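The values are calculated or read from the model by the stated rules, or taken from the named source; none is laboratory data. As the structure is a computational prediction, the values presented were derived from the model and not from experiment. Positions of Cβ are backbone-derived with ideal geometry, glycine not excepted, and every protein chain shown enters the neighbour counts. Protein only, heavy atoms only, side chains kept; ligands, DNA and RNA dropped before computing areas. Shrake-Rupley method; radii C 1.70, N 1.55, O 1.52, S 1.80 Å.
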Amino acid sequence: MSSIKEQEAIGRLMEFFEEWDNGNKTIRSRILGNFIALNKGKTAPELEQEFSQGGSLFLARLITWLRLSYMFGTCLSEILQSISIFLSASSGSCYKIEFMEVGGIMTLLEILGLQQLTEHHKMEALKLLQTLAKSGRKYKEMVCESYGVKAVAECLAGSKMEETQEQAQILLELLAKGNPKYQNQVYKGLIVLLPCASPKALQLALQTLRTVQVTVGNAHPSIVDPLLGVLRSMHLEIQYEALQLISYLMRTEVRLDLLKGLVQLLRPSQRESNKPRPQILDDPTVPKMNDSLPTFIQQAAAAKAIGTLARESTELCEELIQLRVIHHLLFVMGNQDHTESQRQASLAVEYFVLSIPVVEEQVRKAVGDKLFQMLLDDADGLYVKLDNVQADILRCNQINIPGIKEVTE
């Protein structure tokens, strides 16, 4: 027979449920506020003791109200915080299973896509999903099976608050680790994010891609074009993350495609120039160099990446030379419309010239002693001294150096 204390506790629990079941929005909001204040950090046994072994009954009521009202945002923050107390409770796996079995994961993912809800609501939903993802592989798989990668990636791309974007990034990284069945889905979802318009989302996507790439191992060919497209960004932090990822990918199977792509970016699509030029210099055989600013930013970034990669290994130097990188870099040095492109190309050529004798010989022969000496004396400020004739010489160069091994044999 139950003791008097147990009967009293059960009586209080029934009164609590009756107040909840019959309560309006104001009453329920007060109940949730008290629950959150008194029960944060409690373990599952402590919660069960608080509810006289009826904790799951209250959780079921919270989930039911969540599913009925989440589209309207009614007390949504308080509901999510209350559910979080159950799901994050130590030894509370039963709560997680109950939440998952009634479609709780799908509800959280739907919250991420609702425009009428606030960023704070979405951040709370992301934190709940993180709690589940940290609980084991089966929860990660359930999130992914519910089209969670797409929902979280879209939330990352579309959110206006950095805090929300950072929580989405954390969740994507969690979904990729210890989840072999779906890690490639997360990886490809991050690649899809690369063309997004939000600078912060793009920076976070690149950071996460570098981490996930280590987990995945093999690089997917679809990463090449969007990653090279990121180099058009005017944000230095994005350029930095892109160059770091490109450097890492040099040890994967997309290495040659990336090198080819970088070299191709040195020579953007040519357009008719409307810029006034002396008639004597208006030679139709001289390639024109007018294009949009983002294209020139991409060109400068490609030259910078090539210089960085060349310094990393002799093998990369050889591959770049076989792709006629010196010819293309000299072409960029003749870009009088964008000084940063000239500067980065000059620094890269200077490294090749000082490191490889055959490159020095061919460059000197192609541009002449005077221009060659200008390069060595002040590669960082070459654009200050370059005149139109010298720029045309650089753009018209026909250098075609065979591979280093071929020359030395």
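Evaluate the following for Pro287: is it at pLDDT below 95, within 21 Å of Thr339 (Cβ to Cβ) and open to solvent by less than 40 Å² (accessible area, probe 1.4 Å)?
Yes.
Which residues, taken from segment 289-318, are under 15 Å from Gln264 (Cβ atoms), of a type in the set (A, V, I, L, M) and free of Cβ contacts under 8 Å to residues at least 60 places away in the same chain?
Ala300, Ala303, Ile306
Suppose we filter segment 16-33 for residues that are assigned to a helix (DSSP H, G or I) and open to solvent by 80 Å² or more (accessible area, probe 1.4 Å); how many remain?
Residues flagged as assigned to a helix (DSSP H, G or I) and open to solvent by 80 Å² or more (accessible area, probe 1.4 Å) within segment 16-33 amount to 5.
Against the definition (under 28 Å from Leu114 (Cα atoms) and either among the small types (Gly, Ala, Ser) or open to solvent by 30 Å² or more (accessible area, probe 1.4 Å) (or both)), how does Gln185 come out, yes or no?
Spelling it out, Gln185 is indeed under 28 Å from Leu114 (Cα atoms) and either among the small types (Gly, Ala, Ser) or open to solvent by 30 Å² or more (accessible area, probe 1.4 Å) (or both).
Filter segment 322-372 down to residues that are basic (Lys, Arg), modelled with pLDDT of 90 or more and assigned to a helix (DSSP H, G or I) and give me whichever is surrounded by the fewest Cβ atoms within 10 Å (Cβ to Cβ).
The residue in question is Lys365.
Could you name every one of the helices (runs of 4 or more DSSP H) located completely within segment 123-202 that has at least 3 residues being over 15 Å from the mean Cα position of the chain (by Cα) and not basic (Lys, Arg)?
Counting at least 3 such residues, we get 137-145.
With respect to Leu47, determine if the residue is under 23 Å from Ser91 (Cβ atoms), touching a Ser or Thr at 6+ places or on another chain (Cβ under 8 Å), open to solvent by less than 70 Å² (accessible area, probe 1.4 Å) and not in a loop (DSSP other than H, G, I, E, B).
Judged against the criteria, Leu47 is not a match.
Residue check, Ser56 against (1) open to solvent by less than 30 Å² (accessible area, probe 1.4 Å); (2) under 21 Å from Phe16 (Cβ atoms); (3) hydroxyl-bearing (Ser, Thr, Tyr), all met but one. Which one?
Of the numbered conditions (1) open to solvent by less than 30 Å² (accessible area, probe 1.4 Å); (2) under 21 Å from Phe16 (Cβ atoms); (3) hydroxyl-bearing (Ser, Thr, Tyr), the odd one out for Ser56 is (1).
Check segment 266-280 and report whether any residue there is modelled with pLDDT of 95 or more and either basic (Lys, Arg) or surrounded by 15 or more Cβ atoms within 10 Å (Cβ to Cβ) (or both).
yes
Which of (1) in a loop (DSSP other than H, G, I, E, B); (2) of a type in the set (Val, Ile, Thr); (3) buried (at least 17 other Cβ atoms within 10 Å of the Cβ) does Thr74 not meet, given it meets every other one?
Evaluating Thr74 over (1) in a loop (DSSP other than H, G, I, E, B); (2) of a type in the set (Val, Ile, Thr); (3) buried (at least 17 other Cβ atoms within 10 Å of the Cβ) leaves (3) as the failure.
With respect to Leu68, determine if the residue is of a type in the set (A, V, I, L, M, F, W, C), out of contact with any helix residue (DSSP H, G or I) (no Cβ under 6 Å at 6 or more places or on another chain) and without any contact (Cβ under 8 Å) to a residue 24 or more places away in the chain.
yes
On the basis of being within 26 Å of Ile111 (Cα to Cα) and touching a helix residue (DSSP H, G or I) at 6+ places or on another chain (Cβ under 7 Å), does Leu47 make the cut?
no
When Lys177 is evaluated against the numbered criteria (1) touching a residue at least 40 places away in the same chain (Cβ under 8 Å); (2) under 26 Å from Ser90 (Cβ atoms); (3) among the charged types (D, E, K, R), which criterion, by number, is the only one it fails?
(1)
Of everything in segment 204-258, what is hydrophobic (A, V, I, L, M, F, W, C) and touching a residue at least 60 places away in the same chain (Cβ under 8 Å)? Give them in sequence order.
Result: Leu228, Leu231, Met234, Leu243, Ile246, Met250, Leu256.
Among the residues of segment 148-168, how many are within 12 Å of Leu129 (Cα to Cα) and open to solvent by 30 Å² or more (accessible area, probe 1.4 Å)?
Residues flagged as within 12 Å of Leu129 (Cα to Cα) and open to solvent by 30 Å² or more (accessible area, probe 1.4 Å) within segment 148-168 amount to 1.
Open to solvent by 10 Å² or more (accessible area, probe 1.4 Å), assigned to a helix (DSSP H, G or I), under 28 Å from Leu57 (Cβ atoms) and among the aliphatic types (A, V, I, L, M): which single residue out of Ile97, Ile83, Ile111 fits that description?
None of the others qualify; the one that does is Ile97.
Are any residues in segment 1-15 open to solvent by less than 60 Å² (accessible area, probe 1.4 Å) and modelled with pLDDT of 80 or more, and if so, which ones?
If the condition is that a residue be open to solvent by less than 60 Å² (accessible area, probe 1.4 Å) and modelled with pLDDT of 80 or more, then Gly11, Leu13 are the ones that fit.
Just checking, does segment 213-234 include any residue being within 11 Å of the chain's Cα centre (by Cα), among the basic types (Lys, Arg) and surrounded by 15 or more Cβ atoms within 10 Å (Cβ to Cβ)?
Checked against the condition, which is being within 11 Å of the chain's Cα centre (by Cα), among the basic types (Lys, Arg) and surrounded by 15 or more Cβ atoms within 10 Å (Cβ to Cβ), segment 213-234 yields no hits at all.
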